[in-house]
Amino acid sequence: MPQPTRRVAIVKTPVNNPHKGECFLGKVRDELNEVERELLVSIDPAKLPHHVAIIMDGNGRWAKQRGYLDRIRGHEAGIESVRVAVRACGELGVKALTLYAFSVENWKRPKREVDALMGLLKRFLRDEIPELNENNVRLVVSGRVNDLSEDVRAELSRTMEATSPNTGLVLNLALSYGGRAEIVDAVRAIVEDVQSGRLAPDNINEALFSQYLYHPELGDPDLLIRTSGEMRVSNFLLWQIAYTEFYVTPVLWPDFRRADLYRAILDYQRRERRFGEVKEV
Ligand code: IPE
Ligand code: IPE
Ligand code: MG
């Protein structure tokens with residue numbers, strides 16, 4: 001018996017809908033230029049990275065490129081890029097942003113540079129509280145915090161406390177941070193728990209190990225950006241980046257702006273994450 005013809009409405013959904021990110025426009029508090037706008041509206045809100053991590057590199061080269069004799073000028077200029085990245089990630093609805101601000105190895109730099117970096121950090125922590133609160137950003141820190149001076153630790157505690165009720169983006173500052181140091185610190189804590197009888201060695205597995213890292217609740221980064229073109233990890237998040245997507249840009253950190261972040265996210269959205277599996281045969 002012939003079936004009645006069913007009428008099906010064909011809704012056209014373009015594969016590359018260039019306006020899928022229009023929902024973001026209302027949240028942006030800066031004035032966007034044409035390029036930024038075009039990139040932003042192309043971002044797919046359904047495929048955002050939850051956790052973005054950035055190796056903020058190239059401050060020294062930026063200063064040199066501009067003819068400044070002091071590398072510190074580059075570190076100073078990099079603060080604005082931090083502001084832009086935090087704001088832009090918050091607006092997009094990225095859940096966590098980990099910024100590599102100072103590595104355990106960076107202590108080996110000249111004292112003058114280390115002091116300048118610590119001074120800039122203190123000023124950032126002090127001055128940025130209103131902006132962080134306005135953007136609903138909560139600050140946390142990863143690293144060997146006890147290596148930092150008492151005054152830096154005091155500013156850190158104050159800013160973490162002041163932003164603790166915020167429910168938007170979590171800004172995780174990696175300070176005196178080393179990926180190997182983090183793993184060693186986790187091992188030490190695990191051994192302590194085993195010795196005190198709180199943990200049975202049989203229960204140690206990858207999931208449990210992760211719980212001993214500095215901020216397991218943030219999850220592994222989906223996207224790792226490195227500025228200034230270096231193709232190395234420099235002891236950053238060694239455990240967590242097992243399946244993270246890498247994006248390296250030649251842009252030096254002080255030049256990093258919204259468009260660069262949007263390009264990184266768009267590139268990420270074009271990747272196929274397989275986690276070792278085969279998708280479809
Ligand atoms: C990154 O810039 C900032 C820190 C590591 C603190 P650099 O100071 O490493 O700049 P380059 O890599 O020498 O250009
Ligand atoms: C990595 O950059 C550390 C930070 C961005 C804080 P570095 O400039 O210290 O790394 P290398 O020495 O080029 O590997
Ligand atoms: Mg560097």
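The values are calculated or read from the model by the stated rules, or taken from the named source; none is laboratory data. Remember, it's a predicted structure, so these values are computed and weren't measured experimentally. FYI the Cβ positions are ideal-geometry reconstructions off the backbone, even for glycines, and counts take in every protein chain you see. Keep in mind that these areas ignore ligands, DNA and RNA; they rest on the heavy atoms of the full protein, side chains included. Shrake-Rupley method; radii C 1.70, N 1.55, O 1.52, S 1.80 Å.
Please give the calculated 222 nm ellipticity per residue for the chain, where each DSSP H segment of at least 4 residues contributes -39500 (n - 2.57) and the sum is spread over every residue; nearest 500 deg cm²/dmol? Result for the chain, helices only: -12000 deg cm²/dmol. Rolling a 1.4 Å probe over the protein heavy atoms gives segment 22-269 an accessible area of 48 Å² per residue. Taking Cα atoms only, the orientation of helix 258-269 departs from the longest principal axis of the chain by about 60 degrees.
Relative protection proxy for 77-85, 268-276, 101-109, from highest mean packing down: 77-85, 101-109, 268-276 (other beta-carbon atoms within 10 angstrom). Computed with a 1.4 Å probe on the full set of protein chains, the accessible area for Asp147 sits at about 80 Å². Nearest 10 degrees is fine. How inclined is helix 150-163 to the longest principal axis of the chain, computing both from alpha carbons? For 150-163 against the chain, the angle is about 30 degrees.
Sorted by accessible area (1.4 Å probe), largest first, how do Arg258, Arg263 line up? Don't skip to the answer; put the middle values down first.
Working: Arg258 10, Arg263 100 Å².
So the residues, ranked largest to smallest area, are Arg263, Arg258.
Between Glu161 and His19, the FRET efficiency estimated from the beta carbon spacing at R0 = 45 angstrom works out to 0.65.
According to the square roots a ≥ b ≥ c of the eigenvalues of the Cα gyration tensor, what is the shape class of the chain, taking rounded for a/c under 1.5, prolate for a/b larger than b/c otherwise, and oblate for the remainder? Intermediate results must be reported in sequence, preceding the final value.
Details: a/c = 1.96, a/b = 1.30, b/c = 1.51.
Here the chain falls in the oblate category.
How much of the accessible area of the chain, probe 1.4 Å, is carbon plus sulfur, in whole percent? All intermediate terms of the calculation are to be shown ahead of the outcome.
Numbers: 8110 of 15930 Å².
Heavy-atom surface of the chain belonging to carbon and sulfur, 1.4 Å probe: 51 percent.
Distance from the Cα centroid of segment 161-208 to that of segment 50-112 is 24 Å (rounded to whole angstrom). Subtracting the Cα-Cα distance of Val184 and Ala46 from their residue separation scaled by 0.36 nm leaves 46.0 nm.
Multiplying the sequence separation of Ala200 and Ser149 by 0.36 nm and subtracting their Cα-Cα distance, what value in nm do you get? Walk me through the numbers on the way to the answer.
Working: separation 51, 0.36 × 51 = 18.36 nm, distance 3.64 nm.
Once the chain is fully extended between Ala200 and Ser149, it gains 14.7 nm.
Could you work out how far helix 179-195 tilts from the main Cα principal axis of the chain, as a 0 to 90 degree angle to the nearest 10? That helix lies at roughly 80 degrees to the long axis. Lys95 label point, 7 Å along Cα→Cβ, cut-off 13 Å on backbone N: hits in segment 178-216? In segment 178-216, the label zone of Lys95 (backbone N under 13 Å from the point 7 Å along Cα→Cβ) covers 216.
Once all protein chains are placed together, Phe246 keeps about 90 Å² accessible to a 1.4 angstrom probe. A straight Cα-to-Cα reach below 17 Å connects Lys27 with the aspartates and glutamates Glu36, Glu38, Asp44, Glu91, Glu131, Glu134, residues fewer than 8 places away in its own chain not being considered.
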